[in-house]
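K.L.:
Once you've had a glance at the structure underneath, I'll fire off some questions.
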Amino acid sequence: MKKIIYTICMLLCLIISILSINAYVYATESVLVGDVNGDGKVTIRDATYLQMNLSKINGYMNLTDKQILSADINSDGEVNILDVTLIQKFRVGIDTQSKINQYIEYTEPTTEPTTDGQWLPGFFD
């Protein structure tokens with residue numbers, strides 16, 4: 001009898017733990033390196049936009065995570081005047097040997113569960 005009660009308790013604990021798992025969606029999109037202002041192309045406006053952000057001019061002080069990824073042209077983990085210079089060099093045709101004007105993946109986790117009220121979609125299929 002103790003074995004049956006123990007087994008039932010273990011199964012209930014397992015079911016509760018499975019149902020309490022939160023599955024999250026990760027939104028993935030392509031980001032054009034150098035397109036800081038998000039207009040779909042790398043232009044001198046991107047360099048200007050980035051300069052204004054680096055100078056902390058009112059209205060231009062908050063780059064999103066996506067913009068930071070796009071603005072880090074030399075992939076050194078920092079957004080600074082060197083990245084502005086690489087955009088300017090690219091626009092006049094100087095080879096920057098960077099990922100500028102190439103698409104990279106940007107993944108941002110959301111805080112919403114994967115489905116509306118369903119537990120672990122596909123898990124029990």
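The values are calculated or read from the model by the stated rules, or taken from the named source; none is laboratory data. All values reported here derive from a predicted model rather than from experimental measurement. FYI the Cβ positions are ideal-geometry reconstructions off the backbone, even for glycines, and counts take in every protein chain you see. The accessibility values were calculated without ligands, DNA or RNA, using every heavy atom of the protein model including side chains. Shrake-Rupley method; radii C 1.70, N 1.55, O 1.52, S 1.80 Å.
K.L.:
Answer yes if at least one residue in the stretch 29-39 is modelled with pLDDT under 95, of a type outside the set (A, V, I, L, M) and exposed (fewer than 12 other Cβ atoms within 10 Å of the Cβ), and no otherwise.
P.N.:
The answer is yes, given that some residue of the stretch 29-39 is modelled with pLDDT under 95, of a type outside the set (A, V, I, L, M) and exposed (fewer than 12 other Cβ atoms within 10 Å of the Cβ).
K.L.:
When you look at Ile5, is it more than 19 Å from Lys99 (Cα to Cα), part of a helix (DSSP H, G or I), out of contact with any Leu (no Cβ under 7 Å at 6 or more places or on another chain) and at pLDDT below 80, yes or no?
P.N.:
Taking the combined requirement at face value, the residue does not satisfy it.
K.L.:
Here is a further query. Please go through (1) modelled with pLDDT of 90 or more; (2) part of a strand (DSSP E or B) for Asp46 and return the number of the only condition it doesn't satisfy.
P.N.:
Asp46 satisfies all of (1) modelled with pLDDT of 90 or more; (2) part of a strand (DSSP E or B) except (2).
Every residue, every condition in (1) free of Cβ contacts under 8 Å to residues at least 40 places away in the same chain; (2) surrounded by fewer than 18 Cβ atoms within 10 Å (Cβ to Cβ); (3) touching an Asp or Glu at 6+ places or on another chain (Cβ under 6 Å), yes or no:
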| site | (1), (2), (3) |
| --- | --- |
| Tyr60 | yes, yes, no |
| Thr64 | yes, yes, no |
| Ile73 | no, no, yes |
| Gly77 | yes, yes, no |
| Leu82 | yes, yes, no |
| Phe90 | no, no, no |
| Gly93 | yes, yes, no |
| Lys99 | no, yes, no |
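K.L.:
Let me ask another. Which of the residues belonging to the stretch 51-93 are hydroxyl-bearing (Ser, Thr, Tyr) and modelled with pLDDT of 95 or more?
P.N.:
Matches in the stretch 51-93: Ser70, Thr85.
K.L.:
Filter the stretch 101-125 for residues that are open to solvent by 100 Å² or more (accessible area, probe 1.4 Å) and at pLDDT below 55 and give the result.
P.N.:
Once the filter is applied, which keeps residues that are open to solvent by 100 Å² or more (accessible area, probe 1.4 Å) and at pLDDT below 55, the stretch 101-125 yields Asp116, Gln118, Trp119, Phe123, Phe124, Asp125.
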